[in-house]
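**Q** Before I ask anything, here is the structure I am working with.
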Amino acid sequence: AAATKQTTKTKQQQQRHLTPKAQSIQHQMEDVQRTMQDLQEIVVGPIIQGVFMHRYRDSNYHIRTMCIQSLSHMSIQRPDIFITNKYLKYFGWMLNDK
């Protein structure tokens, strides 16, 4: 909580030194970042959950292969999203053939 207050205080101090145009651009950038995060949660989450939650343990190895290939490609394209415990666990589960 203290770190958040300090960060907020630092941002406020930085904004005081910005021109109105720079403040406007900074607000627009923050809005775009929030929109991107919202879209990722809305789009990426349900797709991954809908596909991988039902197919990553499929008895057909071709389906498991396609799942791991797709997740690999997505991890390369967006490591900031997919190289987290939330998604890395699927690699282990798909490679664990019981």
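The values are calculated or read from the model by the stated rules, or taken from the named source; none is laboratory data. These numbers were taken from a predicted model, which means no experiment stands behind them. In this analysis, Cβ positions are derived from the backbone assuming ideal geometry, glycine residues included, and neighbour counts consider all displayed protein chains. All accessible areas refer to the heavy atoms of the entire protein, side chains included, with ligands and DNA or RNA removed. Shrake-Rupley method; radii C 1.70, N 1.55, O 1.52, S 1.80 Å.
**Q** Contact list please: Cβ distance under 8 Å, first residue in region 11-34 and open to solvent by less than 100 Å² (accessible area, probe 1.4 Å), second residue part of a helix (DSSP H, G or I) and at pLDDT 90 or above, pairs at least six apart or on different chains.
**A** As it stands, the answer is none, since no pair meets every condition given.
**Q** Hey, another quick one. Name the pairs whose Cβ atoms lie under 6 Å apart, with the first residue in region 37-63 and farther than 13 Å from residue 74 by Cβ, the second of a type in the set (Val, Ile, Thr) and at pLDDT below 75, and 6 or more positions between them or separate chains?
**A** Close Cβ pairs satisfying both conditions: none exist.
**Q** Then there is this: Take region 79-96 and flag every residue that is free of Cβ contacts under 8 Å to residues at least 24 places away in the same chain and open to solvent by 60 Å² or more (accessible area, probe 1.4 Å).
**A** Of everything in region 79-96, those that are free of Cβ contacts under 8 Å to residues at least 24 places away in the same chain and open to solvent by 60 Å² or more (accessible area, probe 1.4 Å) turn out to be 79, 80, 83, 85, 86, 88, 89, 96.
**Q** Checking residue 58 against (1) in a helix (DSSP H, G or I); (2) open to solvent by less than 60 Å² (accessible area, probe 1.4 Å), which test does it fail?
**A** (1)
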